[in-house]
1. How about segment 57-89: which of its residues are β-branched (V, I, T) and over 16 Å from T11 (Cα atoms)?
2. Condition test on E5, is it in a loop (DSSP other than H, G, I, E, B), of a type in the set (D, E), exposed (fewer than 12 other Cβ atoms within 10 Å of the Cβ) and at pLDDT below 95?
3. In contact with a helix residue (DSSP H, G or I) (Cβ under 7 Å, 6 or more places away or on another chain) and of a type in the set (V, I, T): does that describe I37?
4. Going by what's in this entry, would G15 be described as within 25 Å of R112 (Cα to Cα), in a strand (DSSP E or B) and of a type outside the set (S, T, N, Q)?
Amino acid sequence: MIQDEPTYDLTIKQGMDFSFSFTLKDENGDPLDLTGILFRAQLREFAEAAAAIDFVCQHNNQGGLVTLTMPHAKTAAIRFQKGVYDVVQYNTDGTKDPVLSGSVMIKPSVTR
């Protein structure tokens with residue numbers, strides 16, 4: 001269980017495919033076994049905003065690697081310049097743990 005999730009700020013280039021990966025490790029620095037665990041991540045303009053944009057969350061079972069992606073069609077539709085996100089881990093016992101959170105800068109694309 002992760003008590004206080006680390007923070008990491010992201011930058012998303014509007015209209016471009018987005019991908020960000022991180023590895024979850026245990027107290028010994030070994031990658032966690034993520035078998036049976038699900039992850040969910042959302043982007044919002046601010047934490048209390050009703051509208052959310054979902055990231056696609058994928059992971060490898062044995063290596064602790066979690067990848068968040070968002071296709072270019074979805075990043076093109078973002079209508080704010082700053083936002084927040086977090087990643088939540090849904091455990092096999094039904095509990096949820098915070099994994100990662102931070103702010104997001106949305107940068108406009110010049111080339112279309």
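1. The answer is V66, V88.
2. no
3. Working: in contact with a helix residue (DSSP H, G or I) (Cβ under 7 Å, 6 or more places away or on another chain): no; of a type in the set (V, I, T): yes.
Taking the combined requirement at face value, the residue does not satisfy it.
4. Answer is no for this residue.
The values are calculated or read from the model by the stated rules, or taken from the named source; none is laboratory data. Please read all numbers here as calculations on a predicted model, not as lab measurements. All Cβ positions, glycine included, derive from the backbone under ideal geometry; neighbour counts span all protein chains shown.
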